[in-house]
Amino acid sequence: MIRERAAIEIRPAETDADLEAWLAVRRAVLPNERTPSPDELRSFIQPGDLHVLAELEGELAGSGLVNRSDTGNAHVAPRVLPGKRGCGVGAALLEHLTAHAVGQGYARAGSHVAADDDHSIAFAHRFGFEELRRDVQQVLEVGPSEPRAIDGVEFASLDEQPDLLEAAYPLAQEGYEDMPIEGLDISLETWLLEGGTLPEGSFAALADGEIVGYAGLLRWAGEPTKAEHGLTVVRRDWRRRGLASALKERQIEWAAANGIRRLVTYTQTGNESMQAVNARLGFVTTEVAVAFTRALPL
């Protein structure tokens, strides 16, 4: 389906070239976030998802995404290249994306905007979106690390024991329940696909053979010297013993020994305890994103 508004054309991103262009827009708009590889992007696409490109006067101007968020609502992402803003591309994308979301049965949509992007925040408010929370990016310039020992705990990587990823899923669910994100629901399929894409740098902590902690590390597509922390979780009865720090210290040690120079992690308002753990390990807050939500239709 092609929809036009004046000189704006929105069309599905279907071919390999289209998906490459879609990824290029994402990298341009979100230069400090991990962008999936083309193969990863294809593997993530589920029935009902929508990826589109927007063109202005025949030139690439933006992209759009609709998929299911981890909270069960629609996630909509209208993205406009910096040089194409102010021409109605964002509004055309948003209307197109939300119409698709309604057609898929969604009653609510969410999106994210950089906290220092006044233009995009004003855009979100203009279309009735309300702030839900703030997501915090922290970055570590990797240096030497000496992981601490924890009495009664052994550590193993997913590379050493691949079955630990699936075995850690019940603990991951406990961690997701404790996150300040209402309705967060990560399926086992998604967990196995995304929970530790760098298995050598993803670690489980075991006490008497039971998993009491887990920390995943994720590959940063196209930039082998960067990686992203996935979920770090400690079983409730093992918290406040330094286990989260011990897990992350092993990840930092592995990163330093394997050519990774920068680690990136994300938390949310309401999870200041993990932000403090990261800060003690040397992570510095670099960006904050605002999570917005509103009822559908527009």
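What the table shows:
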read-out: Per-residue ³J(HN,Hα) for the stretch 148-161, Karplus 6.51 cos²θ - 1.76 cosθ + 1.60, θ = phi - 60°, Hz, x for Gly and Pro; value: 6, 8, 10, 4, x, 10, 10, 10, 9, 8, 5, 5, 6, 9
read-out: Heavy-atom accessible area per residue - the chain, 1.4 Å, Å²; value: 48
read-out: Centre separation in Å (Cα based) which lies between the stretch 171-207 and the stretch 224-272; value: 13
read-out: Listed residues ALA246, ALA28, ALA109, most fluctuating in the chain (Gaussian network, C-alpha, under 10 Å); value: ALA28
read-out: Sequence-distant residues sharing a close amide H with ASP159 (under 5 Å, placed H); value: GLU200, SER202
read-out: Phi to ³J(HN,Hα) by Karplus 6.51 cos²θ - 1.76 cosθ + 1.60 over the stretch 243-255, Hz, x for Gly, Pro; value: 5, 4, 5, 4, 5, 5, 4, 5, 5, 5, 4, 5, 4
read-out: Selected from LEU19, LEU165, LEU188 as most flexible by GNM, with the chain as the system and alpha-carbon contacts under 10 Å; value: LEU188
read-out: Share of carbon and sulfur in the accessible heavy-atom surface of the stretch 119-203 [1.4 Å probe, %]; value: 48
read-out: Computed [θ] at 222 nm, helices only, for the chain once each DSSP H run of length n ≥ 4 contributes -39500 (n - 2.57); value: -9000 deg cm²/dmol
read-out: Calculated from backbone phi, Karplus (6.51, -1.76, 1.60) coupling profile of the stretch 267-273 in Hz, x at Gly/Pro; value: 9, 10, 4, x, 10, 5, 5
read-out: Of the trypsin sites (Lys or Arg not before Pro) in the stretch 46-127, those whose Cβ has at most 16 other Cβ within 10 Å and which sit in DSSP loop; value: ARG85
read-out: Residue among LEU263, LEU94, LEU41 with the largest mean-square fluctuation in a Gaussian network model of the chain, springs linking Cα atoms under 10 Å; value: LEU41
read-out: Selection from LEU263, VAL290, GLY105 lying farthest towards where the dipole of the chain points positive, charges on Cβ; value: VAL290
read-out: Solvent-accessible surface ranking, highest first, for TYR176, TYR266, TYR214 at 1.4 angstrom; value: TYR266, TYR176, TYR214
read-out: Rg ratio (alpha-carbon, reference 2.2 N^0.38 Å) - the chain; value: 1.05
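The values are calculated or read from the model by the stated rules, or taken from the named source; none is laboratory data. These figures come from a predicted structure and were not determined experimentally. Using ideal geometry, Cβ is built from the backbone for each residue, glycine included, and neighbour counts are taken over all protein chains shown. Remember, those area values only see protein heavy atoms, side chains included, never the ligands or the DNA or RNA. Shrake-Rupley method; radii C 1.70, N 1.55, O 1.52, S 1.80 Å.
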